Amino acid sequence: MNIQSNIAQAFRDKFKEEPAIFKSPGRVNLIGEHTDYNNGFVLPAAIDKAVYVAITKRTDNRFVWYAYDLNDVYEGSNDAVAISSKGWPNYLLGVVDQLQKAGFFPGGFNVVIGGDVPNGAGMSSSAAVECSTIFALNELFGFGIDKISMVKMAQKAEHVFAGVMCGIMDQFASMMGKAGHVIKLDCRSLEYEYVPFDFDDIEIVLFDTKVKHSLASSEYNTRRQECEKGVAEIKKYHPEVNSLRDADIPMVEKYLKGSGKVYDRCKFVVEEIKRLLDACEDLNRHDLKAFGEKMFATHDGLSKLYEVSCPELDFFAACAKEEPAILGARMMGGGFGGCTINLIKKDSVEEVVERMSKKYREQFNIETEVYRTFASNGASRVS
């Protein structure tokens with residue numbers, strides 16, 4: 001049985017009725033890292049791994065939720081939506097809270113939730129939970145909320161109830177994904193366009209380092225502050241510059257050269273925004289070789305200028321450069337662990353995975369986890 005069937009069966013066993021089933025996928029980001037909070041662009045794609053919600057209405061105001069992957073139950077009421085010490089229910093509670101604040105009041109409902117988006121691998125399982133939940137409730141109760149509004153509510157749910165000040169990319173990609181395409185998303189205006197990523201001979205493959213260094217959250221905040229310092233300095237001479245999105249390389253060179261880390265951080269972000277725009281042109285020309293070279297350049301910048309990589313990620317990126325079948329590779333996500341994302345020629349994936357896994361095991365004595373995926377559709381009803 002597949003994961004969708006398992007969730008449906010678990011619901012029948014638990015609640016003795018037939019559920020409606022919805023799903024929302026995880027995401028990868030091909031290029032455009034640490035650009036979101038600098039009002040730049042990102043280039044994510046929804047993937048074929050998703051969180052599924054099996055759901056029915058209740059006749060009262062209560063809810064009973066079962067987390068399939070955790071084998072855990074949460075019970076509560078719409079009349080008293082508050083943060084739970086359990087952790088996982090907060091992603092659903094946050095959604096209910098946002099709906100109520102917007103004037104939409106779902107009645108009671110039963111849920112079984114679970115999926116195959118790996119936890120902690122940087123594919124945004126939390127956004128998939130929020131988006132599948134809000135999409136299901138919108139359909140079930142007929143609220144008629146548009147997708148972009150649901151994206152914003154799902155992001156706010158994570159801010160308020162999960163306490164994670166994420167950008168909007170994860171929820172946007174999960175809700176709005178389109179098979180065979182990546183999304184060029186403007187994080188300032190939320191304007192977006194679908195760029196074809198329909199290469200039949202290429203697979204998106206993630207190598208999971210299986211490490212998460214403790215630096216991640218504190219260093220993330222430091223990077224944001226360093227970028228803000230750079231903006232404040234440039235703004236003295238160019239009042240129109242409100243974020244690094246508004247800056248260019250000559251400005252960075254003229255006003256920030258000599259400011260150490262601030263210069264490095266801002267140089268990377270400004271270069272990365274330009275690199276993403278050029279990379280979209282590569283895709284429109286079907287030039288995956290040029291696109292892949294930009295991915296390698298992004299990794300170098302993240303490692304040397306932005307300093308959010310780690311030895312394990314750098315090792316995978318270096319190994320990827322030695323593989324002719326890998327067109328591009330880089331670390332993906334906040335950094336200090338997680339996955340590298342690789343574009344690999346489909347007919348070579350098996351042997352490349354075997355070689356890379358062996359090298360990594362010999363170097364670090366860690367078994368990597370490998371995820372093969374492709375660009376998929378966003379949130380939808382499946383049955």
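Ligands, DNA and RNA left out, the accessible area of region 303-383 computed with a 1.4 Å probe is 48% carbon and sulfur. A Cβ-based charge dipole, computed about the Cα centre of the chain with Lys and Arg at +1 and Asp and Glu at -1, lands at about 700 debye. Using only the Cα atoms, work out Rg/Rh for region 1-127, with Rh taken as the Kirkwood radius, to two decimals. Radius of gyration relative to Kirkwood radius: 1.01. Normalised by residue number, the volume inside the convex hull of the Cα atoms of region 147-239 is 174 Å³ per residue.
Going through region 298-383, which GluC sites (Glu not before Pro) have at most 12 other Cβ atoms within 10 Å and a DSSP loop state?
Numbers: sites: E307, E312, E322, E350, E351, E354, E362, E367, E369; in loops: E307, E322, E367.
Passing both the DSSP loop test and the Cβ count: E322, E367.
Calculated on C-alpha atoms, the gyration radius of region 207-254 divided by its Kirkwood radius gives an Rg/Rh of 1.19. For the chain, the longest principal axis of the C-alpha atoms and the axis of helix 125-141 are separated by about 40°. Residues whose amide H comes within less than 5 Å of that of K49, counting only those at least five positions distant or on another chain, are G26 (H built at 1.01 Å from N in the peptide plane).
Counting only helical runs of four or more DSSP H residues, what would the 222 nm mean residue ellipticity of the chain come to if each run contributes -39,500 (n - 2.57) and the total is spread over all its residues? Present the calculation step by step, with values, prior to reporting the outcome.
Values: 11 runs with 158 residues, N = 383.
After summing the helix terms and dividing by the residues of the chain, the value is -13500 deg cm²/dmol.
Note: relative contact order over region 220-286, using C-alpha pairs below 8 Å and six or more positions apart, is 31 percent. For the chain, relative contact order (Cα pairs under 8 Å, six or more residues apart, normalised by length) works out to 23 percent.
With 19 Å as the limit, the listed pairs K23/K178; K289/K321; K14/K147; K236/K257; K14/K49 have K14/K147; K14/K49 beyond it between alpha carbons. Only one residue of F296, N61, I31 has its Cα farthest out toward the positive end of the dipole of the chain, where Lys and Arg carry +1 and Asp and Glu -1 on Cβ, and that residue is N61.
Its Cα gyration tensor gives the chain an equivalent ellipsoid; the semi-axes, largest first and in whole Å, are 36, 25, 19. When +1 charges are put on Lys and Arg Cβ atoms and -1 charges on Asp and Glu Cβ atoms, the dipole computed for region 265-343 relative to its Cα centre reaches about 180 debye. Of all aspartates and glutamates in the structure, the ones whose alpha carbon falls short of 13 Å from that of K274, not counting any fewer than 8 places away in one chain, are E33, D186, D246, D248, D282.
Per residue, the chain exposes an accessible area of 41 Å² to a 1.4 Å probe, with every protein chain left in place. Restricting region 205-285 to GluC sites (Glu not before Pro) that sit in a DSSP loop and have at most 14 other Cβ atoms within 10 Å of their own Cβ leaves E240. Sequentially through region 363-373, phi angles give Karplus couplings (6.51, -1.76, 1.60; θ = phi - 60°) of 7, 10, 6, 10, 7, 6, 9, 10, 10, 9, 8 Hz, Gly and Pro residues having no value and appearing as x.
Computed from the alpha carbon atoms alone, the convex hull of region 244-383 holds 161 Å³ per residue. Each part gets one Cα centre, and for region 42-85 versus region 92-135 those centres are 6 Å apart. Annotation: Cα Rg of region 315-383 relative to the compact-globule expectation 2.2 N^0.38 Å equals 1.28. Residues whose amide H lies under 5 Å from that of A379, counting only those 5 or more places away or on a different chain, are M175, M176, G177; hydrogens are built 1.01 Å from N in the peptide plane. Taken over the C-alpha atoms, region 68-158 has Rg and Dmax values of 12.7, 35 angstrom.
Might you report the magnitude of the Cβ-based charge dipole of region 57-170 about its Cα centre, with Lys and Arg at +1 and Asp and Glu at -1, to the nearest 20 debye?
On the way: 8 positive and 12 negative charges, 51 e Å.
I would put it at about 240 debye.
So, with a 1.4 angstrom probe, what is the percent of accessible area on region 62-206 that is carbon and sulfur? Walk me through the intermediate numbers first.
On the way: 2640 of 5430 Å².
Reported share for carbon and sulfur atoms: 49 percent.
In the chain, the sites counted are trypsin sites (Lys or Arg not before Pro) in DSSP loop states with at most 15 other Cβ atoms within 10 Å, and the longest stretch holding none of them, exclusive of the sites, is 87-187. Taking amide H as placed 1.01 Å from N in the peptide plane, the amide H of D72 sits under 5 Å from that of A67, each at least 5 places away or on another chain. Pairs of Cα atoms in region 161-207 fall into 10 Å distance bins, from 0 up to the last occupied one, in shares of 21, 43, 29, 7, 0 percent.
How high is the relative contact order of region 16-126, given as a whole-number percent (alpha carbon pairs under 8 Å, six or more residues apart)? Working shown, then result.
Numbers: 185 pairs, mean separation 35.8, N = 111.
After rounding, I find 32 percent.
Its Kirkwood hydrodynamic radius, worked out from the mean inverse distance over all distinct Cα pairs, puts region 168-289 at 17.0 Å.
Semi-axes of the equivalent ellipsoid of region 305-349: what are they in whole Å, largest first, if each equals the square root of 5 times a C-alpha gyration tensor eigenvalue?
On the way: eigenvalues 87, 20, 12 Å².
With the √(5λ) rule applied to region 305-349, the semi-axes are 21, 10, 8 Å.
The values are calculated or read from the model by the stated rules, or taken from the named source; none is laboratory data. Remember, it's a predicted structure, so these values are computed and weren't measured experimentally. Cβ coordinates were reconstructed from backbone atoms using ideal geometry, including for glycine residues, and neighbour counts include every protein chain displayed. These area figures cover heavy atoms from the full protein model, side chains too; ligands, DNA and RNA do not enter into them. Shrake-Rupley method; radii C 1.70, N 1.55, O 1.52, S 1.80 Å.
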